[in-house]
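Accompanying notes for the structure given below.
The values are calculated or read from the model by the stated rules, or taken from the named source; none is laboratory data. Given the structure is predicted, the values throughout are model-derived calculations rather than measurements. Positions of Cβ are generated from backbone atoms using ideal geometry, with glycine treated the same way; all protein chains shown enter the neighbour counts. Side chains included, ligands, DNA and RNA excluded: accessible areas come from the protein's heavy atoms. Shrake-Rupley method; radii C 1.70, N 1.55, O 1.52, S 1.80 Å.
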Amino acid sequence: MSKFFNSLQLSLFEREQKGIKRTLKVRSSGIDFYSNDYLGLAKNEILHQQILNEFIAQPSLLYGSTGARLISGNSNYLRETEQIIANEHKVEAALLFSSGYNANLALFSALLTRHDIVLVDENIHRSVHDGIKLSNAKKTKFKHNDLDHLEKLLQRVKERCFIAVESLYSMDGDCAPLIELVELANKYNAALVVDEAHAFGVFGYGLVHQFGLQCKVFATVVTYGKAMGMSGATILANQLVIDYLINYASPFIYTTAIADFHVTGLRKGYQFIKENKSLQESLQYNISHFRNSGLTSSSNKNSPIQILKFESRSQLTKIQNQLEEVEINTFAVFPPTVVEGGERLRICLHAFNTQEEINQLIEKIKENV
Ligand SMILES: Cc1ncc(COP(=O)(O)O)c(C=O)c1O
């Protein structure tokens, strides 16, 4: 066994040498500019109480799910919730998953065959890559948000073709040109799949919903670990696609179903987002306050994710350390999460950040550049 341990140790040592070894840190009590809890729902006491009240009021709900969806893990409450979610998004059908990672794994691994090709934005989330890997389909990356490059690739495609994009990119904070992507997909008869993990709850129910593109995309993935402040995800599509996934998607079939208690949270979460639109407005107010600072960010002007790039890796590390010293939490992103040379400071703004907190963040960064 020592052979195995030695090779693991060597790989970790290599990362340590490069200064990119990942280690777990406990969530800190400092100022939050790093979590995906954009609307503050993870710590919203009113929502917590509403979830508990709903759960207690319905004694038939179970704390767990008791099994896989196709065995004992399905409930009327879960099915009803999926229908509510489908109605809210104005799509035919919805399928819940315990995480966005699993939803993407299920979608891409089940729908694609080795005869298909997927054109993915080069910055697409790891879960999409992993899903494609499981399917054995061919994969080609197109340059980030580059429609010309995508079209050139589409012109050469002979196979059944999928296009995979995020509506708001998690490590860049910029948006995909969804309307143009829909047109291209339509022109070349490709199936467009949109991951809305970071857009859901920030821009209403996501950009596909906001632009009314539901019938023009093949499938959408929304996740609940970001603006919803919980965890889980839904694949939104027509009934045929959802029935296919129920039959063929291993990450859906061979796992314990999402529990009633969790589903209660999601149901109340949707209601809360709908009834508290002012949270999205506060978030936008804070984003524009940050962007008025004069710091240069290539992110979208309405994105809660704002990225800053610095001259060198050491300057980035220095700034993050200085911020940490005064308990301002941001996230410095290094390869392999981003490409070599793409190191950046990822700042997440929230509805609950105060103007003073944002000012403090800006001042501290400016002192160091
Ligand atoms: C774009 C994108 N898709 C999917 C996921 C995975 O979602 P989850 O965290 O719910 O597994 C993430 C989360 O990091 C993400 O940023």
- Counting only DSSP loop positions in region 38-119, the chymotrypsin sites (Phe, Trp or Tyr not before Pro) whose Cβ has at most 11 other Cβ atoms within 10 Å are Tyr63
- Could you pull out the longest piece of the chain with no exposed loop GluC sites (Glu not before Pro) in it, calling a site exposed if DSSP puts it outside H, G, I, E, B and it has at most 10 other Cβ atoms within 10 Å? 1-310
- Query: What order do His350, His209 take when sorted by accessible area (1.4 Å probe), most exposed first?
  - Reply: His209, His350
- Show Leu279, Leu107 ordered by accessible area, largest first, where the area counts protein heavy atoms only and the probe is 1.4 Å. Leu279, Leu107
- Query: Taking Cα atoms of region 11-111, Rg/Rh with Kirkwood Rh, to two decimals?
  - Reply: 1.08
- Multiply the residue separation of Ile56 and Tyr248 by 0.36 nm, subtract the distance between their alpha-carbon atoms, and state the gained length in nm to one decimal. 65.6 nm
- Can you sort Val157, Val118 by 1.4 Å-probe accessible area, starting with the largest? Val157, Val118
- Query: In whole angstrom, and with the biggest value first, how far do the Cα coordinates of the chain range along each principal axis?
  - Reply: 56, 55, 53
- Using helices alone, what [θ] at 222 nm do you get for the chain, with -39,500 (n - 2.57) per DSSP H run of 4 or more residues, divided over all residues and rounded to the nearest 500? -13500 deg cm²/dmol
- Query: Between His129 and Phe211, how many nm apart are label points set 7 Å from Cα along the C-beta direction?
  - Reply: 2.5
- Item | Portion, in percent, of the accessible area of the chain that falls on carbon or sulfur, probe 1.4 Å | 51
- Which whole-number value in Å² is the accessible area per residue of region 65-258, probe 1.4 Å? 42
- Query: How about region 10-79: which trypsin sites (Lys or Arg not before Pro) there are in a DSSP loop, with at most 16 other Cβ atoms within 10 Å of their Cβ?
  - Reply: Lys21, Arg22, Lys25, Arg27
- Note on the structure: Expressed in square angstrom to the nearest 10, the accessible area of Val217 with a 1.4 Å probe stands at 20
- Query: Using a basic spin-label model with each label point 7 Å from the Cα along Cα→Cβ, how many nm lie between Lys309 and Phe261?
  - Reply: 4.5
- Query: Most fluctuating residue of Ser299, Ser312, Ser99 in a GNM of the chain with Cα springs under 10 Å: which is it?
  - Reply: Ser312
- What is the P(r) of region 65-258, as percent of Cα-Cα pairs per 10 Å bin from 0? 9, 39, 38, 12, 2
